[in-house]
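Engineer: Got a structure for you, written out below as structure tokens; questions coming shortly.
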Amino acid sequence: MDNTTQTVLIELDQETRNKQLDRAKSWFDNVLLTQTSYRKLLEDTVDKIEEPHIKMYLAEMAGQEIKHEERTRELFSLIDREPSDVRHLLGEVAGKARQALGDFIAVAGGTKGPWQDLHQLYLSNHNSMGAFAVAEQLGLALGIPRIAEIAFMVVAEKSTSQLLLQECVLEMCSMSILYKEDF
């Protein structure tokens, strides 16, 4: 007995299929924007951290996020579409904007040090992880299992990073708030 399954598309003309792929491309552009934003914020934050263990964790994550950005571009090739250069640029700008937001929150909350950047990393990774999770669902809905596989793998890796970021944020918040110390 053969346990393999084959994707069957019923009553789907080429025009409808192209519309679906164009819509998926629009979402993948969002994935690219959120991923680029997170990667940029992460790279910029590594230099601000003095505590060696956290600096090392973040540097390792930064290397991983470069690969995730490459994976994002692979999603486009699977639907024969090109990523938007504008979205990539907007992702870089959004990463910088998140830094500014973190600085504003720090001033308003009376914290010191790069804790606010870690907090923004935590939120930004969550955004990126969610965008990839939607891409996974699109891959399943479109009948392109490779999209789902790539997105699932990225979400799994980002989930591990998310837990580590949460621990870093929680470990450093009291020093930043109560003692106004850099770390």
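Engineer: Rolling a 1.4 angstrom probe over the protein chains, ignoring ligands and nucleic acids, what is the accessible area of residue 56 in square angstrom, nearest 10?
Structural biologist: Around 90 Å² of this residue is reachable by solvent.
Engineer: By the scheme Lys and Arg +1, Asp and Glu -1, what is the net charge of all other residues having a beta-carbon under 11 Å from that of residue 47?
Structural biologist: That sum, taken over residues with Cβ under 11 Å, equals -2.
Engineer: Now for a different question. Given the protein chains as shown and a 1.4 Å probe, how many square angstrom of residue 86 are accessible, to the nearest 10?
Structural biologist: Counting only protein heavy atoms, residue 86 exposes about 90 Å² to solvent.
Engineer: Leaving out ligands, DNA and RNA but keeping every protein chain, what accessible area does residue 126 have, in Å² rounded to the nearest 10, with a 1.4 Å probe?
Structural biologist: Number for this one is 110 Å².
Engineer: Right, here's the next one. Just reorder 177, 54 by solvent-accessible area, largest first, 1.4 Å probe, all chains present. Each step should come with its number before you reach the end.
Structural biologist: Numbers: 177 80, 54 5 Å².
Result of the area sort, largest leading: 177, 54.
Engineer: What is the distance, in nm, between label points placed 7 Å from the Cα along the Cα-to-Cβ direction at residue 55 and at residue 26?
Structural biologist: Once both label points are built, they end up 4.5 nm from each other.
The values are calculated or read from the model by the stated rules, or taken from the named source; none is laboratory data. What you see is a predicted model; the values in this text were computed from it and never measured. Here the Cβ is made from the backbone with ideal geometry for all residues, glycine too, and neighbour counts use every protein chain on show. Keep in mind that these areas ignore ligands, DNA and RNA; they rest on the heavy atoms of the full protein, side chains included. Shrake-Rupley method; radii C 1.70, N 1.55, O 1.52, S 1.80 Å.
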